[in-house]
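Only one structure is covered here, and it is reproduced in the block below.
Please treat every number below as a calculation from the coordinates, not as lab data. Keep in mind it's a predicted model, so treat the numbers as computed, not measured. Cβ placement follows ideal geometry from the backbone for every residue including glycine, while neighbour counts extend to all protein chains displayed.
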Ligand SMILES: Cc1cc2nc3c(=O)[nH]c(=O)nc-3n(C[C@H](O)[C@H](O)[C@H](O)COP(=O)(O)OP(=O)(O)OC[C@H]3O[C@@H](n4cnc5c(N)ncnc54)[C@H](O)[C@@H]3O)c2cc1C
């Protein structure tokens, strides 16, 4: 008999597998976009079906972008799918954010296709047809709330066409305990999961029991750490309830304070922090608007075009390196190179004029500044668009200091190697942020009317790890694979 070699695409499985027949899409992912999670989920289902086309049912825990993409793709392939969501609605995280802007491609800048946010992309000269993936119709970045609404609309329409796809919401308390117990023991011993008393979304009323062959955990990255200890001006009071900043996907008052002339302090060196710095420094809701305003000047547009390929190369190398190394300091190189590019641009008068025009104007007789406090000497994981614009503004303002070109605009104070000690409340909506600079013993303080704390995810809170009780080391080994760059669309 002839030997037949069967080759399957199974990278999606290897990258997400955490236990026998259990896959985790979200745990340990720190620099992924909503689009990444949609692609990751769809690849997982594709590979699962390639390896075992005859499986019957799938349980998905978590109804964010990743979980919904998995559920629809599996249901369309004829699988019985149950999605369990802890909150009252799928996509609740982005539903709560009407002041954040997202788009599936905006952070692919400086690639030209980043200008159009339609998903799947429509330009048939560079893209194939992608018929079954989630659809987003907005060309410009939209609010996270609108984005979530479109994904949910797509999901509901697909659910109607897939009678074996059911979504339970409000899975909390005793229901949550039952699910967790099932994940720990029931699933391994081949029992059914009792779902007779769930709150089902849509017209389905149950009852339903399921004995899934596979489980996909899509419960998110964990809880964001936006807290800082209180400080009395002498020392941090770690025993007191901490100062709580607004979460990334919540509506915040940053732009309101910035508009009213308030001093803003942003803490953190990653993408969330850079997004907030840009929202505070400019009148724009998202960085694409800033870019578009810069490009209104023909000479500045030419200067930006001149460095586009350079930035593209720096960014591609950094992203690829991040997939092959755990060391976050890999971003140091990209950051230095990007800063050098912006320093070269800032000597051009046209660029300075265009950048300064993007900055908030000061009210007569009033100073105002945005302070960014970072722990390292470089910005770490951040998209090139945000990294580039923050460096560009900083370089332009440094240059402009000498000639007074930007005296009527908001200031930007970028402080590196800052170890933030705590926050002192000194009046109604008036704060002092106390920091210790590396190697120094005296604290430096910064005045703030509004503080954005962008420390990223608290790694102890990752839901997937809690559900299947993985040890940290196992997680680390798995995640190195799952960090490899994903396609833009599948
Ligand atoms: C600071 C910050 C800034 C970001 N900025 C951007 C950005 O600008 N653009 C962008 O595209 N992405 C951004 N992201 C990333 C984006 O938030 C994630 O990629 C995306 O939300 C992940 O999707 P997900 O489906 O894996 O998880 P989530 O969106 O977190 O969804 C997980 C779902 O699981 C549910 N759940 C949790 N535990 C359980 C449980 N035990 N049982 C049942 N359900 C459960 C949750 O309620 C939630 O609905 C940012 C993330 C952070 C932290």
Residues in segment 201-240 that a label on residue 49 would reach, taking backbone N under 13 Å of a point 7 Å out along Cα→Cβ: none
Taking R0 as 51 Å, what FRET efficiency do you get between residue 118 and residue 192 from their Cβ-Cβ distance, rounded to the nearest 0.05? 0.75
Ranked output for segments 211-224, 117-130 by mean other Cβ atoms within 10 Å, highest leading, reads 211-224, 117-130
Hey, with R₀ at 22 Å, roughly what FRET efficiency would residue 357 and residue 313 work out to, going by the Cβ-Cβ distance, to 0.05? 0.15
Counting pairwise Cα distances across the chain, what percent come out greater than 36 angstrom? 35
Would you please put 173-183, 413-423, 31-41 in order of how densely packed they are, using the mean number of other Cβ atoms within 10 angstrom per residue and starting with the highest? 31-41, 413-423, 173-183
Kindly rank 60-69, 446-455, 199-208 from highest to lowest mean number of other beta carbons found within 10 Å of each residue. 60-69, 446-455, 199-208
Once label points are set 7 Å from the Cα along Cα→Cβ at both residue 305 and residue 126, what is their separation, rounded to one decimal in nm? 1.5
Extension gain (nm, one decimal) between residue 157 and residue 251, 0.36 nm per residue minus Cα-Cα: 31.0 nm
Length added when fully stretched, residue 172-residue 407, from 0.36 nm per residue minus Cα-Cα: 79.2 nm
How large is the helix-only mean residue ellipticity at 222 nm for the chain, computed as the sum of -39500 (n - 2.57) over DSSP H runs with n ≥ 4, divided by its residue count, in deg cm²/dmol to the nearest 500? -11500 deg cm²/dmol
Give me the distance between the Cα centres of segment 279-356 and segment 204-240, rounded to whole Å. 33
If I take R0 = 22 Å and measure r between the Cβ atoms of residue 439 and residue 327 in this structure, what FRET efficiency does the formula 1/(1 + (r/R0)^6) give, to the nearest 0.05? 0.45
Assuming a ≥ b ≥ c are the square roots of the Cα gyration tensor eigenvalues, decide whether segment 227-453 counts as rounded (a/c under 1.5), prolate (otherwise, with a/b larger than b/c) or oblate. oblate
Rounded, prolate or oblate (a/c below 1.5 giving rounded, otherwise prolate when a/b exceeds b/c) for segment 147-259 by Cα gyration tensor: oblate
Which distance in nm do the two modelled labels at residue 340 and residue 481 give, with both placed 7 Å along the Cα-to-Cβ direction? 3.7
